[in-house]
Amino acid sequence: MSVSIKSEHEIELMRHAGHLLEKVHDELASHIRPGISTKELDRIGEDMIRSMGCTPNFLNYEGFPASFCISLNDEVVHGIQEGDLVKIDAGLIYKGYHSDAARTYAVGEVSPEARQLMEVTKQSFFEGIKFAKAGNHLNDISKAIGAYAAKFNYGIVRDLVGH
């Protein structure tokens with residue numbers, strides 16, 4: 001697989017696609033509460049994506065029926081209650097450029113174990129980003145993430161490689 005070098009204009013379109021997706025995540029965060037359904041969150045998010053002139057990039061991808069992959073608690077991928085962890089994986093297409101980002105939200109008071117999981121996984125991301133630089137490979141990033149998570153006896157999902 002070859003990597004194409006992007007022009008400044010293409011990079012700006014990619015940056016804007018990411019910024020729009022950040023707005024979607026921020027809006028969805030304000031709706032997460034006990035009693036809301038994942039279907040309702042999906043509808044709110046899809047409406048917002050479309051209102052910005054974008055397309056949800058997960059909807060109908062290989063038959064996927066929703067605009068977002070929303071999972072609760074220990075589900076890995078794609079009635080919310082107090083104490084749940086809600087993961088939302090979202091993506092959109094802006095002028096042909098895809099953005100994709102996942103966030104985890106705590107619903108109300110969560111257990112200390114759930115809070116630690118969120119903190120460790122967030123820091124794992126930053127540990128990996130340290131290796132996202134010219135001359136390194138994706139494997140360098142992955143190793144850093146895995147090594148940090150292992151310090152807390154956490155593992156990484158190996159079935160969704162490249163995801």
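A DSSP coil position with no more than 16 other Cβ atoms inside 10 Å describes the following GluC sites (Glu not before Pro) in the range 1-78: Glu75. Put simply, the chain fits an ellipsoid with semi-axes of 25, 24, 13 Å; these come from the alpha carbon gyration tensor as the roots of five times its eigenvalues, largest first.
Tell me the net charge near Arg103. Cut-off is 11 Å between Cβ atoms, Arg103 excluded, with +1 for each Lys or Arg and -1 for each Asp or Glu.
With Lys, Arg at +1 and Asp, Glu at -1, the net is -1.
In whole percent, how big is the carbon plus sulfur part of the accessible area of the chain, probe 1.4 Å, protein atoms only?
54 percent
Ranking of Asp159, Asp89 by solvent-accessible surface, largest first: Asp159, Asp89 (1.4 Å probe, protein heavy atoms only, all chains present).
So how do Ile129, Ile93 rank on accessible area, 1.4 Å probe, biggest first, that is with the largest at the start?
Per-residue accessible area, sorted high to low, gives Ile129, Ile93.
Across the protein chains, with a 1.4 Å probe defining accessible surface, the residues Met48, Met14 rank Met14, Met48 from largest area downward. Rolling a 1.4 Å probe over the heavy atoms of the protein chains gives the chain an accessible area of 65 Å² per residue. Pairs of Lys residues in the range 5-125, spaced 8 or more positions apart or belonging to different chains, with C-alpha separations under 18 angstrom: 5 in total.
Classified by the C-alpha gyration tensor, the range 92-163 has an oblate form. Its axis ratio a/c, with a ≥ b ≥ c, is 1.5 or above, and a/b does not exceed b/c.
The values are calculated or read from the model by the stated rules, or taken from the named source; none is laboratory data. Since the structure is predicted, the reported quantities are computational estimates derived from the model, not experimental observations. FYI the Cβ positions are ideal-geometry reconstructions off the backbone, even for glycines, and counts take in every protein chain you see. The area values use the complete protein model at the heavy-atom level, side chains included, leaving out ligands, DNA and RNA. Shrake-Rupley method; radii C 1.70, N 1.55, O 1.52, S 1.80 Å.
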